[in-house]
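Enquirer: Take a look at the following structure, please.
Only the coordinates and a few stated rules stand behind these numbers; no lab work does. Since the model is a prediction, treat every value here as computed from it, not as a measurement. Counting neighbours? That spans all protein chains shown, and the Cβs are built from the backbone with ideal geometry, glycine included.
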2 protein chains.
Amino acid sequence: MTRTRFHQGLDDLKQKLLTMGGMAEQAVERAVRAYQTGDVSVCQLVLRDEGKINAAEREVDELAVDLLAMQQPMAVDLRFIIACIKINADLERVGDQAVNIAERVMDLANHPKSSVNADIARMASLAINMVREALNAFLTADADMAHTVLERDDLVDNMNREIFEAADYAMTHSTETHRHALDTLLVARNLERVADHATNIAEDVIFWVRGADVRHHAQS
Amino acid sequence: MTRTRFHQGLDDLKQKLLTMGGMAEQAVERAVRAYQTGDVSVCQLVLRDEGKINAAEREVDELAVDLLAMQQPMAVDLRFIIACIKINADLERVGDQAVNIAERVMDLANHPKSSVNADIARMASLAINMVREALNAFLTADADMAHTVLERDDLVDNMNREIFEAADYAMTHSTETHRHALDTLLVARNLERVADHATNIAEDVIFWVRGADVRHHAQS
């Protein structure tokens with residue numbers, strides 16, 4: 001395998017991963033639209049496409065391992081391939097979160113509405129934008145853009161806490177509508193995890209571009 | 001770097017990953033013990049050790065990338081290193097679940113007990129054993145043992161669903177104790193995720209040992 005063919009392989013890998021990212025984003029968007037409109041048929045689309053995302057994950061992994069096996073990569077290419085393998089796993093889990101949300105929405109359809117005050121639409125838009133920006137940072141090898149994704153994680157965490165308390169309050173006031181409040185709380189937790197995965201992806205982009213590991217600097 | 005030094009590097013990598021696994025297991029065990037005993041001081045230990053698990057994750061990743069960079073590995077060694085990188089990420093997330101459980105337990109301590117019928121101890125023991133067996137399969141390169149881990153995931157999923165319904169039922173019957181039921185439900189979900197990570201680890205062991213990708217065969 002020549003250097004040129006190897007670099008073409010790297011381009012393929014990037015393209016496949018971005019396609020995978022688009023599928024994962026779409027799944028979350030659909031699940032959230034179903035939450036807002038109550039249109040359960042959209043949930044079925046999310047469940048149907050889970051297998052496609054899983055298949056795309058396998059393809060990306062296989063290509064990444066093939067590239068590592070066929071040529072001793074330079075340091076920066078090696079970090080790129082490792083980043084792809086990790087981003088791939090996170091995108092598959094973003095898809096899993098979309099499935100979890102879709103399941104909650106189908107459950108919601110069978111229960112009376114609560115008065116829980118939760119701006120799921122805004123939280124979803126923040127979380128999905130974090131995934132999109134992390135993938136843009138990946139596409140353009142832009143570590144600064146990746147950093148802005150990391151900064152937004154607290155915002156989503158705070159919204160998750162607010163919705164938890166709002167749902168908790170709603171449950172205190174009515175046993176009849178508690179299931180709706182519970183489902184809403186769980187949707188918020190799933191969105192919070194989508195944002196976590198976006199954060200992981202952004203960290204992997206920084207690892208690739210800067211060769212530095214920025215994980216857990218805030219906590220440890 | 002000679003072959004021998006390279007293989008010593010692989011042994012180091014395996015040892016470091018197993019140490020990391022032990023830390024993640026211990027964190028879950030402690031969080032669950034705190035749930036059972038109500039001893040909040042144990043939760044503090046879990047929160048305190050999160051930084052150690054994160055530091056261990058970085059060390060494993062750095063060693064893995066160094067090994068890939070220093071020598072063109074044979075196919076089986078390459079798969080082993082990739083498996084280590086992926087198992088590492090899952091173990092770090094097992095540690096995150098332990099932190100989530102510890103946070104729920106600290107919340108529980110401030111709220112009246114509900115009558116929710118949930119065998120968290122049994123569920124935890126199943127999930128922790130799955131992690132332990134997956135790591136044993138990794139230690140002994142035993143793909144059959146890894147397969148037995150995959151088979152047990154449904155059991156934990158079913159327990160999660162049962163506890164969800166039990167907590168839901170408890171919430172229908174009392175607004176005063178709903179928070180305890182809610183926290184219990186969330187602890188069960190965290191344990192279900194621990195089992196998911198064990199499943200991921202088992203799949204990575206099979207990928208390494210057999211060179212085959214067994215992911216998502218059930219779903220897709």
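Enquirer: Along Cα→Cβ at 7 Å, what distances in nm separate the B:R122 label point from those on the other copies, shortest first?
Expert: Reported distances to equivalent positions: 4.4 nm.
Enquirer: Same structure again: Toward the positive end of the charge dipole of the stretch A:3-210, about the Cα centre and with charges on Cβ (Lys, Arg +1; Asp, Glu -1), which of A:V156, A:I87, A:A69 goes farthest?
Expert: Final value for the positive-end residue is A:A69.
Enquirer: Output ³J(HN,Hα) for the stretch A:144-159: one whole-Hz value per residue in order, computed from phi by the Karplus curve 6.51 cos²θ - 1.76 cosθ + 1.60 with θ = phi - 60°, and x for Gly and Pro.
Expert: Values per residue, Gly and Pro as x: 5, 4, 4, 4, 5, 5, 4, 5, 8, 5, 4, 4, 5, 4, 5, 4 Hz.
Enquirer: Please work out the FRET efficiency for the pair B:Q8 and A:D66, using the Cβ-Cβ distance as r and a Förster radius of 35 Å; give the result to the nearest 0.05.
Expert: 0.85
Enquirer: Taking chain B as the reference, fit the longest principal axis to its C-alpha atoms, fit the long axis of helix B:3-37 to the helix C-alpha atoms, and give the angle between the two in degrees, 0 to 90, nearest 10.
Expert: Helix B:3-37 sits at roughly 0 degrees to that axis.
Enquirer: With charges set only on the Cβ (+1 for Lys and Arg, -1 for Asp and Glu), what does the dipole of chain A come to about its Cα centre, in debye to the nearest 20?
Expert: Details: 23 positive and 36 negative charges, 65 e Å.
Value, rounded to 20: 320 debye.
Enquirer: Could you tell me whether chain A comes out rounded, prolate or oblate from its Cα gyration tensor? Rule is a ≥ b ≥ c as square roots of the eigenvalues, rounded for a/c under 1.5, then prolate if a/b exceeds b/c, otherwise oblate.
Expert: Here chain A falls in the prolate category.
Enquirer: Enumerate the calculated ³J(HN,Hα) couplings along the stretch B:39-53 in order (Karplus 6.51 cos²θ - 1.76 cosθ + 1.60, θ = phi - 60°), each rounded to whole Hz, writing x wherever the residue is Gly or Pro.
Expert: Coupling constants for the stretch B:39-53: 7, 5, 4, 5, 4, 4, 4, 5, 5, 4, 7, 4, x, 5, 5 Hz.
Enquirer: Also, I was wondering about something else. Expressed as an acute angle from 0 to 90° and rounded to the nearest 10, what is the orientation of the C-alpha long axis of helix B:75-108 relative to the principal long axis of chain B?
Expert: Between helix and principal axis, roughly 20 degrees.
Enquirer: Tell me the distances, shortest first, between B:R48 and the same position across the other copies, using label points 7 Å along Cα→Cβ, in nm to one decimal.
Expert: Inter-copy label distances (nm, one decimal, shortest first): 5.4.
Enquirer: Given the rotation relating B and A, tell me which residue in B puts its Cβ closest to the axis and the distance in Å.
Expert: Minimum Cβ distance to the axis, with residue: B:Q72, 2.
Enquirer: Right, something else. Which value, in debye to the nearest 20, describes the size of the charge dipole of the protein assembly as shown about its Cα centre when Lys and Arg Cβ atoms bear +1, Asp and Glu Cβ atoms bear -1, and nothing else is charged?
Expert: 340 debye
Enquirer: Hey, got the average number of other protein chain Cβ atoms within 10 angstrom for residues in B:83-95?
Expert: The per-residue average across the peptide is 2.
Enquirer: If the cut-off is 19 Å between C-alpha atoms, which lysines fall inside it for B:K16, apart from same-chain ones fewer than 8 positions away?
Expert: Within the straight-line limit of under 19 Å, B:K16 reaches these lysines: B:K52, B:K86.
Enquirer: Continuing with this model, one more query. Which distance in Å, rounded to a whole number, links the C-alpha centroids of the stretch B:42-103 and the stretch B:140-178?
Expert: 25 Å
Enquirer: Could you work out [θ]222 nm for chain A from helices alone, using -39500 (n - 2.57) per DSSP H run of at least four and dividing by all its residues? Round to the nearest 500 deg cm²/dmol.
Expert: On the way: 7 runs with 184 residues, N = 220.
It comes out at -30000 deg cm²/dmol, rounded to the nearest 500.
Enquirer: Mind ordering A:63-69, B:183-189 by average Cβ neighbours within 10 Å, highest first?
Expert: Result, highest mean first: B:183-189, A:63-69.
Enquirer: So, in nm, how far is label B:L18 from label B:K52 when the simple model puts each one 7 Å beyond its Cα toward the Cβ?
Expert: For the pair B:L18/B:K52, the computed spacing is 1.9 nm.
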